[in-house]
1. Going by how many other beta carbons lie within 10 Å of each one, how would you line up 194, 211, 312, 245, fewest first?
2. Tell me the relative contact order for the stretch 44-100 as a rounded percent, counting alpha carbon contacts under 8 Å between residues six or more apart.
3. Once the Cα gyration tensor of the stretch 205-300 is diagonalised, what are the square roots of 5 times its eigenvalues, in whole Å and ordered largest first, as equivalent ellipsoid semi-axes?
4. Compute the whole-percent fraction of alpha carbon pairs in the stretch 249-327 spaced more than 19 Å apart.
5. Go ahead and run the numbers for FRET between residue 248 and residue 290, Cβ-Cβ distance against an R0 of 45 Å, rounding to 0.05.
6. Return the Rg/Rh value of the stretch 198-252, two decimal places, where both radii are evaluated on C-alpha atoms and Rh is the Kirkwood radius.
7. Taking other Cβ within 10 Å of each residue's Cβ, how do 92, 158, 127 sort, fewest first?
8. Can you figure out the FRET efficiency of residue 71 with residue 47, using R₀ = 35 Å and their beta-carbon distance, to the nearest 0.05?
């Protein structure tokens, strides 16, 4: 997953370090010995292992936390699905959940990095612009890997408890996990396609960076901005289907709270764009095209401002769309669908 609002195209920070004019090409800075002139997928994959190792450590920690909470029956997952109280029997499902949470965390981080790179940012940051850019790319690649692992382990759990023949169980799990509409149970009828959309959009949109010189900088910038849709779908999938945030409570509110810095940075990015052509002039212009562009830019700013206000209201009120916690005896009164 990569920056939803990238810096100017070829010649900008993504290419070579240096100084940038308001809407012109960047003045190339000195290139380190052995550093490729244009970042490649191979070079970024080689550079992504520290970030990937950190992601695996976080995933392992989340898995242990989920496992302990299930064993102690303090997780809302046990309330949603009481049969999963046997943590040893459903460890693949909890591993899938752990990968899902680390994927969401990495997606959050890479969007934050992208907005810092493409918009106004603090003058003092622990990493330089080129290093932030590389970290943004490696977290993007690892986000895709984490989302894929989340889906694969969920499919593995479905296969393990399928009493059909091996080939039939694999085919059924593939349809339910990777084919839109294949999962037809409860909330998953909506939540699973939302998650599938996030995965299927993240892969091409994240990798387009490496062929942007072939498709053209303008096309790449337009498509790259759609990455924010991937992040929104990921959060939506989590809030819809995450049994850890199924009910109202501080954990679910915390997920909403994490969206505040992204909305604030996105609004700042729109209000103070790096490219002169994206600035909102005082008048819409005389031509129909100029008026349309001016209206779209104004509408985008107002929409993001409204989202920021709504997020503040959700966090302040605690009304975050979660379900009410059921009574302790749920054998006949609570529908977990």
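Every read-out reported here was derived from the displayed coordinates using simple, explicitly stated rules and does not represent laboratory data. What you are looking at is a predicted structure, and each value in this text was computed from that prediction instead of being measured. When we count neighbours, we look across all protein chains shown, and the Cβ atoms used for this are built from the backbone with ideal geometry, even at glycine.
1. Details: 194 20, 211 10, 312 15, 245 23.
The most exposed by this proxy come first: 211, 312, 194, 245.
2. Numbers: 29 pairs, mean separation 20.4, N = 57.
Answer for the stretch 44-100 is 36 percent.
3. Details: eigenvalues 214, 78, 25 Å².
Listed largest to smallest, the semi-axes of the stretch 205-300 are 33, 20, 11 Å.
4. On the way: 1563 of 3081 pairs.
Value for the stretch 249-327: 51 percent of Cα pairs lie more than 19 Å apart.
5. Details: r = 47 Å, r/R0 = 1.05.
That gives a FRET efficiency of 0.45.
6. Numbers: Rg = 15.4 Å, Rh = 12.8 Å.
Across the stretch 198-252, the Cα-based Rg/Rh ratio is 1.20.
7. Ranked by crowding around the Cβ, least crowded first: 127, 92, 158.
8. Numbers: r = 38 Å, r/R0 = 1.09.
With a Förster radius of 35 Å, E is 0.35.
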